[in-house]
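The values are calculated or read from the model by the stated rules, or taken from the named source; none is laboratory data. Quick caveat: nothing in here was measured; it's all calculated off a predicted structure. Cβ: placed from backbone, ideal geometry, glycine included. Neighbour counts: every protein chain shown.
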Amino acid sequence: MKSLRLVAAATALAALAGCTFDGPRYGGGGVGPGPMTRAPSGVEGDWVGTDGVAISRFTGGRFETIATDTGNKLAEGNYFQRDARTIDINLTSLIRQTTSSVTCGLVNPRQMNCTSSTGSQFVLVRRGTA
């Protein structure tokens, strides 16, 4: 019976050892700089055009573009990450009431090079990176 408890305890400890904690990390008295944030993986998150006119937000398959000066939504739609580096976006311009598609290549975790269905090219950089 005692050995069964030891095996159960060892199994529970092994399971807990595999867990990770993404909350605040600080030592001593519980006072620290606040929660540490993890950089978004893949395409998820906020991206800004190199012209600075709009922020493009990628969240759970939904896409939207917001004007940086007014905060107005300019476009919305869906995106699909075809593979590790290719993102397909289908969007509707709320200004022109037109639909279009865009394909972006994830150059690195901070930059996407994009081409619209009409051939225009633009670059998006992850917002908040140096």
Which residues, counting only those in region 96-130, are of a type in the set (A, V, I, L, M) and either in contact with a helix residue (DSSP H, G or I) (Cβ under 9 Å, 6 or more places away or on another chain) or at pLDDT 95 or above (or both)?
Val102, Leu106, Val107, Met112, Val123, Leu124, Val125
If a residue has to be more than 17 Å from Ala84 (Cα to Cα) and loosely packed, with under 14 Cβ neighbours inside 10 Å to count, how many in region 109-126 make the cut?
5
